[in-house]
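Here's the structure, in structure tokens; my notes come after.
The values are calculated or read from the model by the stated rules, or taken from the named source; none is laboratory data. Just so it is clear, the model here is predicted, and its values are computed rather than measured. Every residue, glycine among them, receives a Cβ derived from its backbone with ideal geometry; neighbour counts consider all protein chains shown.
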Amino acid sequence: MKDISRAISRDPEVMGGAAGFTGTRVPVQTLLDYLEGGETIDDFLEGFPSVQREQIIAFLEPARDRLVEALP
């Protein structure tokens, strides 16, 4: 699943419109909080088994690319 639009969705009637992993009620911010806290993707997947690893990668790859492009 390389397409971020299939991995992440927003619905104003679900979680107040926060970006979440498609087909779940897990906000993307939760993943970022896990990573910021030193947890791994595997830790996150243990806590949120409804999220697929492919969804996480589809979200992180474009973010990584944008960050790298923005470097001086």
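Quick look at the values:
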item: Residue pairs meeting the criteria (Cβ under 7 Å; at least 6 apart or on separate chains; first farther than 13 Å from Pro27 by Cα, in region 38-51; second outside any loop (DSSP other than H, G, I, E, B) and of a type in the set (A, V, I, L, M)); result: Ile41/Ile56
item: Top-ranked residue in region 31-60 [being buried (at least 16 other Cβ atoms within 10 Å of the Cβ) and touching a strand residue (DSSP E or B) at 6+ places or on another chain (Cβ under 9 Å); ranked as farthest from Ser5 (Cα to Cα)]; result: Phe48
item: Among (1) out of contact with any Lys or Arg (no Cβ under 9 Å at 6 or more places or on another chain); (2) modelled with pLDDT under 95, the one test that Leu31 misses; result: (2)
